[in-house]
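Beneath this line is the structure, given in structure tokens, with notes to follow.
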Amino acid sequence: MSTPKAGREKFKRYTGPAAGWGALHSVTNAWLGSSQPIKNIRALLKANQHGGFDCPGCAWGEEPGTGRVKFCENGAKAVNWEATSRKVDADFFARHSVAQLRRQTDYWLEYQGRLTEPMRYDRDSDHYVPISWDDAFALIGQHLNALDSPGEAEFYTSGRASNEAAFLYQLFVRIFGTNNFPDCSNMCHEASGVALGASLGTGKGTVTFADFEQADAIFVLGQNPGTNHPRMLEPLRDAVSRGAQVVCFNPLKERGLERFQHPQSMARMLSNSADAMHTAYFRPALGGDLAVLRGMAKYMLQWQREAQRYRLEGVFDEAFILSQTSGFQDYIAVLDTTDWADVVAQSGLRLDEIEQAARLFCDAGNTIFCWAMGITQHHHGVATIQEIVNLQLLRGNIGRAGSGVCPVRGHSNVQGDRTMGIDERPSPAFLDRLQEYFGFSPPRKPGHNTVEAIKALLEGRAKVFIGLGGNFAQATPDSRVTHAALSRCALNVQISTKLNRSHLMVSNDALILPCLGRTDIDRQASGHQCVTVEDSFSMVHASFGQLEPLSEGMKSEPWIIAGMARATLGDRIVDWQAMRDDYRTIRAAISACVPGFEHFEQRLQSPGGFHLANTVATRCWRTDSGKARFIASDLPADLLPEAVRSSGEKHDLILQSLRSHDQYNTTIYGLDDRYRGVTGQRDIVFVNQHDIDRLGLIAGAKIDMVSIWNDGVERRVRGFRVLPYDIPLGQAAAYYPEVNPLVPLDSYGVGSSTPVSKYIPIRVEPSQGDAPLAFSGA
Ligand SMILES: Nc1nc2c(c(=O)[nH]1)N[C@H]1C(S)=C(S)[C@@H](COP(=O)(O)OP(=O)(O)OC[C@H]3O[C@@H](n4cnc5c(=O)[nH]c(N)nc54)[C@H](O)[C@@H]3O)O[C@H]1N2
Ligand SMILES: Nc1nc2c(c(=O)[nH]1)N[C@H]1C(S)=C(S)[C@@H](COP(=O)(O)OP(=O)(O)OC[C@H]3O[C@@H](n4cnc5c(=O)[nH]c(N)nc54)[C@H](O)[C@@H]3O)O[C@H]1N2
Ligand SMILES: [Mo]
């Protein structure tokens, strides 16, 4: 990994395939630039192998039993980033005050190395100073027990926590007495869980690897797998080469969805041949997918009626609709009342394109729909996902091999964390089981999600923040407000592997608790521990760290949680030490409390782990109606939110925030975005040349962006370079987290409360300064 430097600022169209030589080159650079290459190569060879560790990259699943070496460029970067030998220790904090650290970039902060010993913030000197683990736990217990009510504490979780850590954490917090579990999922696939739960009675995807192999068509909406789920490229490529349709919906022409070269196939690499990755590519308006899907359904209805008229076989699966679903008539009524003009206006596509998409869908037998943040991080994310389900129900495409829905998850164990009860709205059944097994009364009142937690902190209704991983300060919207909210805490505790901005938002008590990562060996009293995780296909498997930890001062997440719990609650209800000493004790409790985990320890032994059966696969629907539900919603009156329309201000562009190829969420690995042809810079904004001309801008010039909302607050980021790009008219794109200050806290999805990171109406102005706000701190 290269050292942080501004680098050469360049933009050059990338014409190579995704993965392939470019990826190999990048991986090799990552290895050779690492301070411990041999160790890391060994670690990487163990990634996603039985007896090895689960890749801390994404949540894409593994093809069972292929025995291939399973890693990708971004997995390599994630492993390398975690497995550094650089240390952020007491000396480091003695050298740098918090005020100084705040002036550094996110890239610089994480690059400094692994956190290796517990530290406490000292307000007088503005430095972090060492503290013993026992004293740190005592301080946490003191703060928590001094609160007027348990609801005055927020317990955040990022999606890397193992099942064992997550289960123990929720147990501690619920015995303490609150359901305040804001988590990264609130900002990520919340809309998928909400939508699928209501429609199908499960919040999870319904497909496995085998389904991808049997699909006749795979629809990919709002997702950039070339960068974010590189291992997904392989099944997509295989699908295209066996003649299946791969149909993409994305306003940007993402390289990974265009061409692909398998980095582990030498023959193809040497001949430098690349495979086509799609058979059709549509470029909708931002937030336009609901209208696209609605238009497709309207065409289908038209064809169905024509077929009926001539007594031909229609495009609907009538037997399925009749026996398995509810709400069909209401849905048809909504299809009829939806105006074609609205479909065209909102979708950003021509009618013939929508018709073509509908044809591809109806010509295919088995069809899978995949999606990610381009669908969920919108005002109407929930309705859009329910429309995906509606389409699939019309064709009987759920609960059948080769078909289904696949929300492609982000963090490697974000799905498992929910399964373990990291949920601000837990099901009563889950709480009942906790109550029965542990003999305490869990709180029944819903807790805070991420947006609610920020508001509670801001208004002083919450005083303690504990983060199990993640980077709350940077991942959340409205950075200026969030930074203030976090800084106001009486106690800010961050359990982390690397230094980030969340450690710097402090003014009172604060603790940095350094933890082991997925790659590190975890030894407890009973020996080398494994932890478990669940992937996007609901496969649960074990993960064994492989690398010797950098320092004795780093502890495992379960060890840290048990310590906090013991100091706060004592051993009255749970023997925390027993849980900490042997994770099989935690798994025994999971086995008793979480359906699907019966005989957990035993089933873990099989290579590849085990599958958490989804009732949908057998067409058993755990919904209100006992059937799969068509849920019909009207198209929004206007894609522009009311708060923007009523502001009286005109927007120049609609901005989406996305990931570059060189980042993992708020972790910035480097300043390049290879597939988009960007090198050496991140403070850029992609704009169509026609819009550049229309707005009187100059390519390469620096601008400020100001987002539009009706609360009188100015949200501005400064000094972003304008980059002409092949992007639909009226749209712009820039990197997360640099543009998070532009997302108003009150701009969130209906039914999901997910911050709307992909639809930010902005005004552009000549630059008033150089520093993007996210880099300059609070
Ligand atoms: N290397 C790497 N891997 C990662 C991550 C990472 O940061 N780096 N993050 C992980 C996490 S937590 C997650 S959630 C996933 C994220 O995976 P993605 O969802 O692929 O991530 P984004 O970069 O947010 O990409 C959003 C895509 O949606 C498109 N899009 C935006 N708005 C719309 C829209 O309205 N309609 C349509 N059809 N498309 C739209 C954008 O052009 C972009 O291609 O990746 C995970 N994997
Ligand atoms: N504008 C905008 N905002 C977004 C998004 C967007 O697309 N646009 N995406 C959203 C999405 S999808 C997500 S998931 C969130 C991500 O939100 P988070 O999950 O909160 O953020 P990360 O950047 O993944 O967290 C990185 C930090 O996690 C810590 N860490 C890494 N590994 C471990 C570990 O094993 N254990 C522990 N305890 N700590 C660890 C390190 O200290 C590192 O600094 O951001 C959301 N925010
Ligand atoms: Mo995510």
If I ask for residues that are of a type in the set (Val, Ile, Thr), in the same structural domain as ASP238 (by TED's automatic domain parsing) and open to solvent by less than 10 Å² (accessible area, probe 1.4 Å), which ones from segment 172-202 would you list?
none
Residue count for segment 333-349, restricted to those that are within 16 Å of GLY730 (Cα to Cα) and either open to solvent by less than 40 Å² (accessible area, probe 1.4 Å) or among the basic types (Lys, Arg) (or both):
3
Might you check whether a residue that is touching a helix residue (DSSP H, G or I) at 6+ places or on another chain (Cβ under 8 Å), within 16 Å of ligand 1 (Cβ to nearest atom) and not assigned by TED's automatic domain parsing to the domain that holds TYR664 occurs anywhere in segment 743-760?
no
Restricting attention to segment 650-662, which residues are modelled with pLDDT of 95 or more and surrounded by 15 or more Cβ atoms within 10 Å (Cβ to Cβ)?
HIS651, ASP652, LEU653, ILE654, LEU655, GLN656, SER657, LEU658, ARG659, SER660
Might you check whether a residue that is open to solvent by 40 Å² or more (accessible area, probe 1.4 Å), among the acidic types (Asp, Glu), part of a loop (DSSP other than H, G, I, E, B) and within 30 Å of LEU293 (Cα to Cα) occurs anywhere in segment 598-612?
no
Which of the residues that make up segment 663-696 are among the basic types (Lys, Arg) and open to solvent by less than 40 Å² (accessible area, probe 1.4 Å)?
ARG676, ARG682
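Residue by residue, here is whether (1) within 16 Å of ligand 1 (Cβ to nearest atom); (2) not β-branched (Val, Ile, Thr) holds:
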residue	(1), (2)
VAL129	no, no
SER132	no, yes
LEU147	no, yes
PHE176	no, yes
PRO182	yes, yes
PHE219	yes, yes
Of the residues in segment 675-696, how many are assigned to a helix (DSSP H, G or I) and in contact with a helix residue (DSSP H, G or I) (Cβ under 8 Å, 6 or more places away or on another chain)?
2
Among the residues of segment 465-503, what is the count of those that are β-branched (Val, Ile, Thr) and within 16 Å of the chain's Cα centre (by Cα)?
1
Those residues of segment 208-217 which are open to solvent by less than 10 Å² (accessible area, probe 1.4 Å) and touching a Phe, Trp or Tyr at 6+ places or on another chain (Cβ under 7 Å) amount to ALA217
Within segment 571-587, count every residue that is open to solvent by 40 Å² or more (accessible area, probe 1.4 Å) and under 14 Å from LEU434 (Cβ atoms).
1
Cβ pairs under 8 Å, 6+ apart or interchain, first in segment 221-247 and in contact (Cβ under 8 Å) with a residue 12 or more places away in the chain, second within 16 Å of ligand 3 (Cβ to nearest atom) and of a type in the set (Ser, Thr, Tyr), ordered by first then second residue, are GLY222/THR376; THR227/SER660
Residues that are modelled with pLDDT under 95: which strands (runs of 3 or more DSSP E) entirely in segment 202-280 hold 3 or more of them?
259-261
Scan segment 279-319 for residues that are in contact with a Gly (Cβ under 9 Å, 6 or more places away or on another chain), surrounded by 16 or more Cβ atoms within 10 Å (Cβ to Cβ) and charged (D, E, K, R) and jot them down.
ARG283, ASP289, ASP317
Which residues, taken from segment 401-415, are outside any loop (DSSP other than H, G, I, E, B) and more than 17 Å from MET373 (Cα to Cα)?
GLY404
Considering only segment 163-171, I want to know if a residue exists there that is touching a Lys or Arg at 6+ places or on another chain (Cβ under 8 Å), assigned to a helix (DSSP H, G or I) and open to solvent by 10 Å² or more (accessible area, probe 1.4 Å).
no
Select from segment 334-381 the residues that are in a helix (DSSP H, G or I) and either within 16 Å of ligand 2 (Cβ to nearest atom) or polar (S, T, N, Q) (or both) and list them in ascending order.
THR337, GLN346, SER347, GLN356, MET373, GLY374, ILE375, THR376, GLY381
Counting just the residues of segment 180-191 that are assigned to a helix (DSSP H, G or I) and within 11 Å of ligand 3 (Cβ to nearest atom), which one comes out nearest to GLY626 (Cα to Cα)?
GLU190
If the requirement is being within 16 Å of ligand 1 (Cβ to nearest atom), open to solvent by less than 10 Å² (accessible area, probe 1.4 Å) and out of contact with any Ser or Thr (no Cβ under 8 Å at 6 or more places or on another chain), which of these qualifies: GLY159, GLY226, GLY205?
GLY226
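The values are calculated or read from the model by the stated rules, or taken from the named source; none is laboratory data. Everything quoted here is computed from the prediction, not taken from an experiment. Neighbour counts are summed over all protein chains in view; Cβ atoms, including those assigned to glycine, are modelled from backbone coordinates with ideal geometry. These area figures cover heavy atoms from the full protein model, side chains too; ligands, DNA and RNA do not enter into them. Shrake-Rupley method; radii C 1.70, N 1.55, O 1.52, S 1.80 Å.
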